[in-house]
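**Q** One structure follows; several queries about it will come next.
The values are calculated or read from the model by the stated rules, or taken from the named source; none is laboratory data. Since the model is a prediction, treat every value here as computed from it, not as a measurement. All Cβ positions, glycine included, derive from the backbone under ideal geometry; neighbour counts span all protein chains shown.
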Amino acid sequence: MEPIIIIGTGMAGYSLAREFRKLDQATPLTMISSDDGRSYPKPMLSNALAKRKTAEQIAMFDAQAMAKTLKAEILTHRTVIKIEPTTNALELDDCSQQKYSKLILALGASPIVIPIDGDAAEEILSINDLIDYTVFRERLLDAKHVAIIGPGLIACEFANDLIASSDVRVSIIGPNGLPMDTVLPEPVAKELHQQLSDAGVEWYLNTTTKSINHNGKVYDLALSNGTVIDPDLVVSAVGLRANIALASDAGLSVHRGILTDTFLKTSHNDIYALGDCAEVAGHNLLFVAPLIAGAKALAKTLAGDATEVHYPAMPVAVKTPLYPLVITPPATDAVGEWVFEQAQSGFGIKGLFYGEDKSLLGFVISGDFVKEKQLLAKQLPDLIPVTIQIAE
Ligand SMILES: Cc1cc2nc3c(=O)[nH]c(=O)nc-3n(C[C@H](O)[C@H](O)[C@H](O)COP(=O)(O)OP(=O)(O)OC[C@H]3O[C@@H](n4cnc5c(N)ncnc54)[C@H](O)[C@@H]3O)c2cc1C
């Protein structure tokens, strides 16, 4: 019998393998990863400095330990370069072939690289795995001024972590007028901006990074508004894009992610997708809660009980302890209006987004209001509702 193969040993791949083994101990399982297969909680990459964690301390288990626990063969440092859906075969970068009965793509997402001129462009860091984090920590030892490109969620988390853990100067650069303003309504984005400023973050907003060149021990980082700043470490946090090339080259349907139905099935019968790389019934969600829900449903399907995934509303807690924040933004095309309440203590805002029929469609809560997360989440509509099976 050919094994089930999972490509990827990130949180999606390992969550699925764990869930599957709870239901089926016998079916052969193979996992393949370009990296070293260590199991780790990726969200910690943007708050581990303050916890004084090295990459080794973030990693929970190595590939060998995972293979034993999961009764799986785990091939590390091996990249799948081709999927042959018609023969259920994979080609690896060491020229070997693997046959599968079912294939699960848990390929993750990669940092978006924006074009920046200059002789130091290659030295801009992105932090998306344990190796990146190791390099980041090493480079920080000599750093006095860190510039972070992109004023989004991850940029704010890294800024908070740096401020909390060291005395480096932190600058954030981005084209928007306020941090996280694609997901935060203005009053909350302003408070976040204020809290991070009070803690020492320097902002270069409404501008972009044009070039980066060496200048002795620092960089000349030139912005499109004419300003030049002098960081000695530059981190890009402009976002991630689902890894879809392998699937698209194999003829699978892709859009922002690898397209699947609510069973996590791609456009090919024996191939499924899960985690950051998947676009499940129109949702390409790059955070943990959706992949956990997907792993539970798909494990049942693979064990013989076809199960659709259920996505309830899934609030995201932003890791900015200087300004605690929980967001569940309304859909981008939602029609309605925001209603705001300021905390009586003055620390925090509750922003509720109501649709035209007065139903709650999204919320953003900060400061003193974050404790209302569960209560509010229960009032939101599901993203993918539970399918009710009608007995015949
Ligand atoms: C800094 C940071 C902070 C975050 N904070 C939060 C948070 O607070 N809360 C939250 O919910 N989410 C957070 N996230 C998002 C969350 O971590 C991800 O959604 C999740 O870890 C994605 O897991 P994954 O397994 O889909 O992808 P990945 O972890 O990217 O794993 C992909 C795997 O696929 C393998 N792979 C890819 N291509 C191939 C190939 N061709 N052949 C073989 N192997 C391949 C890789 O080696 C890797 O093992 C954060 C992300 C980052 C980067």
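**Q** Give region 335-392 a look and list any residue that's among the small types (Gly, Ala, Ser), part of a helix (DSSP H, G or I) and closer than 30 Å to Phe263 by Cα, or say none. I'd like the intermediate steps shown before the answer.
**A** Residues of region 335-392 among the small types (Gly, Ala, Ser): 336, 343, 345-346, 348, 351, 355, 359, 362, 366-367, 377, 391.
In the following step, the residues that additionally are part of a helix (DSSP H, G or I) were identified as 367, 377.
Listed by number, the list holds a single entry, Ala377.
**Q** Looking at the structure I just gave you, is Ala89 more than 13 Å from the ligand (Cβ to nearest atom) and over 29 Å from Arg137 (Cβ atoms)? It would help to see each step written out before you state the result.
**A** Details: more than 13 Å from the ligand (Cβ to nearest atom): yes; over 29 Å from Arg137 (Cβ atoms): yes.
In short, yes.
Let's see how each residue does on (1) among the hydroxyl-bearing types (Ser, Thr, Tyr); (2) buried (at least 17 other Cβ atoms within 10 Å of the Cβ); (3) near the ligand (Cβ under 9 Å from one of its atoms):
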residue	(1), (2), (3)
Ile7	no, yes, yes
Tyr14	yes, yes, yes
Gln57	no, no, no
Asp62	no, no, no
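**Q** Related question: Restricting attention to region 100-112, which residues are of a type in the set (A, V, I, L, M) and either at pLDDT below 95 or near the ligand (Cβ under 8 Å from one of its atoms) (or both)?
**A** Result: Ala106, Leu107, Ala109.
**Q** Restricting to region 41-54, name every residue that is of a type outside the set (D, E, K, R) and either within 13 Å of the ligand (Cβ to nearest atom) or closer than 22 Å to Leu291 by Cα (or both).
**A** Residues satisfying the conditions are Pro41, Pro43, Met44, Leu45, Ser46, Asn47, Ala48, Leu49.
**Q** Next up: Given the conditions (1) away from the ligand (no atom under 16 Å from the Cβ); (2) in a strand (DSSP E or B), which single one is not true for Glu279?
**A** That leaves (1) as the condition not met.
**Q** Report yes if Ser248 is assigned to a helix (DSSP H, G or I), out of contact with any His (no Cβ under 6 Å at 6 or more places or on another chain) and over 21 Å from Tyr14 (Cβ atoms), otherwise no.
**A** For Ser248, the condition - assigned to a helix (DSSP H, G or I), out of contact with any His (no Cβ under 6 Å at 6 or more places or on another chain) and over 21 Å from Tyr14 (Cβ atoms) - is met.
**Q** From the set of residues in region 76-107 that are touching a residue at least 60 places away in the same chain (Cβ under 8 Å) and assigned to a loop (DSSP other than H, G, I, E, B), which is farthest from Ala250 (Cα to Cα)?
**A** So the residue we want is Thr76.
**Q** Residue check: is Ala289 modelled with pLDDT of 95 or more, in a strand (DSSP E or B) and near the ligand (Cβ under 8 Å from one of its atoms)?
**A** Here the answer is no, as Ala289 does not meet what is asked.
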